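The values are calculated or read from the model by the stated rules, or taken from the named source; none is laboratory data. All values reported here derive from a predicted model rather than from experimental measurement. No Cβ is skipped: glycine too gets one built from the backbone with ideal geometry, and neighbour counts run over all protein chains shown.
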Amino acid sequence: MHEAKFYNKGKSNTVKCVLCPHRCIIKDGKYGKCKARLNKAGVLYSENYGRVTGLSYDPVEKKPLYHFYPGRQIQSVGTYGCNLHCEFCQNYHISQVCIKDLLSSRYMSPEDIILLTLKNNTCCGISYTYNEPATWYEYMMNIAVQAKKAGMANAVVSNGYINPEPLEMLMDITDAFNIDLKAFDDDFYRKFTGSTLKPVKRTIKTIAERNIHLEITNLILPGLNDDVQTFERFTQWVADELGPDIPLHINRYFPSYKMTIDPTPIEKITMLRKKAMDKLNFVYCGNVSSLYGSSDTICPKCKNTVIQRADYKTFTKGIDNKGNCIHCNYRITIC
């Protein structure tokens, strides 16, 4: 175990974790809502520090990050625990469990992760993913600092439910974020995730204001967060508050964990993408391989395909090394 950051000591060996907006008050011997931060005799520990449950070289597009080192691989690492309790979680076997319920894990030091990543010369850096990285903040930070020193990029795939101070420190060493915004509806957040929307919006705006590379993912659940008017308010907010060039990934839902409703109709994904493209320049579909061209990057000005994608194979055929469209010289935000 590793002592946690961002907590305050209370009376009778209680602690208050201030890493995320839950601000859990944790009694001695108990966990916070994330099931990974343990109070032991008045000291808060990150019990998931170094307990790796997932480690893989992935295409960076799988995160999904489409405008960040397109076509490159990235080392993906995850532990266990999450500060949200989404009823539709795809990785519930690692995100919704304590250490005693893990099927498997292995200890790896930050140095182990760095050395392994450096062995793959096609790898652009490290992605903190699979489960919510904020719940293993200390481990992520210790890896990320060393990755920066080694000239590697850091990419954080997160639900965005984190307090401002730890976010500021994280942004200092992060090159890209993908924030999974579950819905543009606070009632949905409260009912289906056990959290609230406002802190996620704050996180997204803060990242954008720092000019750190940002992409947003929205998983569409039939009848729950697929209301067209709410979705249009969401895309208008992205366009107005963040800018029309922020890439948006609209993902198709499949039944998982506690959620058993039918998969999202492809027609719904197609329609929402069309609506989003009225306001945003780069809108992609996920979990819908049958939608030809829905993962390609199209130049907003001349409408030529500049990056073509198929089954995580990427062809950067229409963009120069400065991120400009070779057909019309339009600047496309590519890191």
Residue satisfying all of: in the range 174-219; farther than 30 Å from Gly151 by Cβ and of a type in the set (A, V, I, L, M, F, W, C); surrounded by the most Cβ atoms within 10 Å (Cβ to Cβ) among these: Val200
Output for the range 161-194, where each listed residue is touching a residue at least 60 places away in the same chain (Cβ under 8 Å), among the hydrophobic types (A, V, I, L, M, F, W, C) and more than 26 Å from His67 (Cβ to Cβ): Phe192
Only one of Lys322, Lys301, Lys279, Lys317 that is of a type in the set (Lys, Arg) and either touching a helix residue (DSSP H, G or I) at 6+ places or on another chain (Cβ under 9 Å) or part of a strand (DSSP E or B) (or both): Lys279
Single match in Asn324, Asn304, Asn281, Asn329 (criterion: on the phi > 0 side of the Ramachandran plot and either out of contact with any Leu (no Cβ under 8 Å at 6 or more places or on another chain) or of a type outside the set (Gly, Ala, Ser) (or both)): Asn329
Residue count for the range 304-314, restricted to those that are part of a loop (DSSP other than H, G, I, E, B) and under 23 Å from the mean Cα position of the chain (by Cα): 2
Options Tyr57, Tyr69, Tyr49; residue that is in a loop (DSSP other than H, G, I, E, B), out of contact with any Asp or Glu (no Cβ under 7 Å at 6 or more places or on another chain) and either among the aliphatic types (A, V, I, L, M) or touching a residue at least 12 places away in the same chain (Cβ under 8 Å) (or both): Tyr69
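Each row is one residue, and each column tells you yes or no for (1) closer than 30 Å to Thr333 by Cβ; (2) surrounded by fewer than 15 Cβ atoms within 10 Å (Cβ to Cβ); (3) assigned by TED's automatic domain parsing to the domain that holds Ala155.
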position: Val15; (1), (2), (3): no, no, no
position: Gly29; (1), (2), (3): no, yes, no
position: Glu61; (1), (2), (3): yes, no, yes
position: Leu65; (1), (2), (3): yes, no, yes
position: Arg72; (1), (2), (3): yes, no, yes
position: Val77; (1), (2), (3): yes, no, yes
position: Gln90; (1), (2), (3): yes, no, yes
position: Ser105; (1), (2), (3): no, no, yes
Residue in the range 72-83 that is farthest from Met108 (Cα to Cα), counting only those that are touching a Phe, Trp or Tyr at 6+ places or on another chain (Cβ under 6 Å) and in contact (Cβ under 8 Å) with a residue 60 or more places away in the chain: Asn83
Residues located in the range 209-226, provided they are in contact (Cβ under 8 Å) with a residue 24 or more places away in the chain and either of a type in the set (Phe, Trp, Tyr) or more than 17 Å from Val283 (Cα to Cα) (or both): Arg210, Ile212, Leu221, Pro222, Gly223, Leu224, Asn225
Failed item in (1) among the hydrophobic types (A, V, I, L, M, F, W, C); (2) over 29 Å from Lys313 (Cα atoms); (3) touching a Pro at 6+ places or on another chain (Cβ under 9 Å), with Val60 passing the rest: (2)
Condition check for Ser109: out of contact with any Cys (no Cβ under 8 Å at 6 or more places or on another chain), surrounded by fewer than 21 Cβ atoms within 10 Å (Cβ to Cβ) and either of a type outside the set (Val, Ile, Thr) or modelled with pLDDT under 95 (or both): yes
Residues of the range 244-273 satisfying the condition of being basic (Lys, Arg), under 26 Å from Cys335 (Cβ atoms) and part of a loop (DSSP other than H, G, I, E, B): none
Filter result (assigned to a strand (DSSP E or B) and without any contact (Cβ under 8 Å) to a residue 40 or more places away in the chain) within the range 25-41: Ile25, Ile26, Leu38, Asn39, Lys40
All positions within the range 249-295 that are touching a Cys at 6+ places or on another chain (Cβ under 7 Å), within 20 Å of Gln308 (Cα to Cα) and surrounded by fewer than 18 Cβ atoms within 10 Å (Cβ to Cβ): Leu291
Test for Ile246: is it β-branched (Val, Ile, Thr) and buried (at least 16 other Cβ atoms within 10 Å of the Cβ): yes
Set Lys317, Lys275, Lys322, Lys303: member being touching a residue at least 24 places away in the same chain (Cβ under 8 Å) and of a type in the set (Lys, Arg): Lys275
